[in-house]
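Each remark here refers to the structure printed beneath this line.
The values are calculated or read from the model by the stated rules, or taken from the named source; none is laboratory data. All of these numbers come straight from a predicted model, not from anything done at the bench. Cβ placement follows ideal geometry from the backbone for every residue including glycine, while neighbour counts extend to all protein chains displayed. Calculation scope for accessible area: heavy atoms of the full protein, side chains included, ligands and nucleic acids excluded. Shrake-Rupley method; radii C 1.70, N 1.55, O 1.52, S 1.80 Å.
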Amino acid sequence: MSIPSARTRCCSTVGVRIGVLALQGDVSEHMRAFRDALGGRGAVTAVRHAGAIGDLDGLAIPGGESTTIGRLVDKNAMRRPIEEFEGGIFATCAGMVLVARDVDDPRITPLGLIDMAVGRNAFGRQRESFEAEVPISGLDTPFHAIFIRAPVATRVGPETTVLGRVDRGIVAVRSGLHMALSFHPELGGDRRLHRMFLERLQDTR
Amino acid sequence: MKLEDLKFGTELIKRGFASMQKGGVIMDVVNADQAKIAEEAGAVAVMALERVPADIRKAGGVARMADPQIIAEIIDAVSIPVMGKVRIGHYVEAQVLEAVGVDMIDESEVLTPADEEYHIDKKKFTVPFVCGARNLGEALRRIDEGAAMIRTKGEAGTGNVVEAVRHMRAIMGEIRVLQGMSAQERIDRARTIEAPAALVEECADLGRLPTVNFSAGGLATPSDAALMMQMGADGVFVGSGIFLSKHPERMARAIVEAVNNYDDPAVLARVSTGLGEAMRGIDVHTLREDEVLQYRGR
């Protein structure tokens, strides 16, 4: 197309635009984490309507309950706009379940944005939730990761790069501009994974 | 990753779990079928009980933790988190529910208190707790004991939102007052409301509670839920209001949509249409003092 899109116009001048899908879950934690990681060089907004998605460079799908968020995505007619979104997706926990191609639970119809299969609640119930140091490709020291009723990826496709794994399975992946994590970097203070996501977005602009 | 390097039940994990519930509706259920209806309607979690609060009121007698079998059946029936209620101060009921595998324990005034002096020492548990509060002092005492989530007490089982409103206004208003105070005045206020000074300071800094703050106790309609969200609740508990209404499935879906679109009156109008009768409800002013649940625990 010869006409520049709104996305290209906005971002070359005011920096990266990140939206956080604000249907249910730890939305404010994601917004704060991205604001920290951007350090003023960009904007972070809560996304509650389909119309707001097209103008973004990146969309975060937060932790929460994947059955609830999935249902609200459909209820608010956001499935198509997210599937057709051309920017990067940053998905944690419930978000990782939703962006997968296959999920081990018929109650979820995933968005299929990353070629991988995901198992829900792979470590057990809340009493089995844990914190651990997880080595991540591209980071020089392990990442302190918070797993809450976390999923894992049990299979990844050829286009999906594994960034981290634990004994139960794969817990961090990247695919094109997208990243998906079983754990919750937004709950801690370490912004290295957010910056890794933003650097890729900025490189491709 | 070695097992001995993993940390379980930390404050971060407990409060993190509570954060994942934000923007959600937690529904009281008494069996697996109701739990499935709640999950299908979009509940973020279910509260597994033997009776909903309105029926506890009717039944009278001593209200205790539910039979673990009911809770286990509900855990097997749904993929969303399952919570359970224990009596105030009854730490053995809490040990039992933790062993059964509930994801969060509600130390609840809806059941008959087991200890009129002390609440449970919640820091000793791996599983997170939610506790009721009527004002800032109560909320901060519970957080100091280890609660990972606060909910307004409201007046459970009445279908009358007035007490939930009163308690939410009290908590929010007291935090706003703190923000206008000097450090010295805040220390004095901490003594007056019998709350730890450090938590009082934290509230003044944050402009809110340091944990997630839900609303509970008398919410019966989509508008009730949206009202509490507009007043600043992070999410809602709906007890008797769903399964004692005429059409539980419809009511459950409508309340989920109302919480998601709490500031959009057009959506609220649509989801409130044709729901059939809400639960009957009780005027709280007609309750005898010993029937008022919110006075339990302080």
Residue ID - nearest to B:G235 (Cα to Cα), chosen from residues in region A:71-84 that are open to solvent by less than 10 Å² (accessible area, probe 1.4 Å) and more than 9 Å from chain B (Cβ to nearest Cβ): A:V73
Selection count, region A:91-138, where residues are within 12 Å of chain B (Cβ to nearest Cβ), in contact (Cβ under 8 Å) with a residue 40 or more places away in the chain, farther than 20 Å from A:D26 by Cβ and not in a strand (DSSP E or B): 2
Pairs where the first residue, in region B:200-211, is under 13 Å from B:M149 (Cα atoms) and among the charged types (D, E, K, R) and the second is at pLDDT 95 or above and open to solvent by less than 70 Å² (accessible area, probe 1.4 Å), C-beta under 7 Å, 6+ apart: B:R208/B:I175
Condition met for B:N160 (outside any helix (DSSP H, G or I) and away from every other protein chain (no Cβ under 14 Å)): yes
In region B:24-46, residue farthest from the other protein chains (Cβ to nearest Cβ) [restricted to those that are outside any loop (DSSP other than H, G, I, E, B) and within 13 Å of the chain's Cα centre (by Cα)]: B:D28
Residue selected from region B:11-23 under the condition outside any helix (DSSP H, G or I) and out of contact with any Asp or Glu (no Cβ under 6 Å at 6 or more places or on another chain), by the criterion least open to solvent (accessible area, probe 1.4 Å): B:Q21
Close pairs (8 angstrom Cβ cut-off, 6 or more residues apart or separate chains): in a loop (DSSP other than H, G, I, E, B) in region B:257-268, of a type in the set (G, A, S) anywhere: B:N261/B:A226; B:Y262/B:A225; B:Y262/B:A226; B:D263/B:A226
Complete set of residues in region B:73-105 that are touching a residue at least 40 places away in the same chain (Cβ under 8 Å) and acidic (D, E): B:E73, B:D76, B:D103
Meets criteria (touching a residue at least 12 places away in the same chain (Cβ under 8 Å), among the polar types (S, T, N, Q) and farther than 20 Å from B:F17 by Cβ) for A:T141: no
Only one of A:A37, A:A33 that is assigned to a helix (DSSP H, G or I), surrounded by 20 or more Cβ atoms within 10 Å (Cβ to Cβ) and within 14 Å of the chain's Cα centre (by Cα): A:A33
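Residue-wise test of (1) within 12 Å of chain B (Cβ to nearest Cβ); (2) without any contact (Cβ under 8 Å) to a residue 60 or more places away in the chain.
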position: A:E159; (1), (2): no, yes
position: A:R165; (1), (2): yes, yes
position: A:A172; (1), (2): no, yes
position: A:S175; (1), (2): no, no
position: A:L187; (1), (2): yes, no
position: A:R191; (1), (2): no, no
position: A:H194; (1), (2): no, no
position: A:R200; (1), (2): no, no
Sole exception among (1) within 11 Å of chain A (Cβ to nearest Cβ); (2) more than 28 Å from B:R253 (Cα to Cα) for B:Q21, by number: (2)
Qualifying residue in region A:23-45 (condition: touching a His at 6+ places or on another chain (Cβ under 8 Å), of a type in the set (D, E, K, R) and more than 14 Å from chain B (Cβ to nearest Cβ)): yes
Region A:49-67, residues that are within 12 Å of A:A22 (Cα to Cα) and crowded, with 20+ Cβ neighbours inside 10 Å: A:L59, A:A60, A:I61, A:P62, A:G63, A:G64
In region A:142-177, the residues that are open to solvent by 10 Å² or more (accessible area, probe 1.4 Å) and either of a type in the set (K, R) or under 19 Å from A:D26 (Cα atoms) (or both): A:H144, A:R149, A:R155, A:R165, A:R168, A:R174
Boolean, A:L98 is hydrophobic (A, V, I, L, M, F, W, C) and over 24 Å from B:E40 (Cβ atoms): no
Filtered residue count, region A:40-65, keeping only those that are among the small types (G, A, S), touching a strand residue (DSSP E or B) at 6+ places or on another chain (Cβ under 8 Å) and not in a strand (DSSP E or B): 2
Breaking point among (1) closer than 23 Å to B:Y262 by Cα; (2) open to solvent by 20 Å² or more (accessible area, probe 1.4 Å), for B:T192: (1)
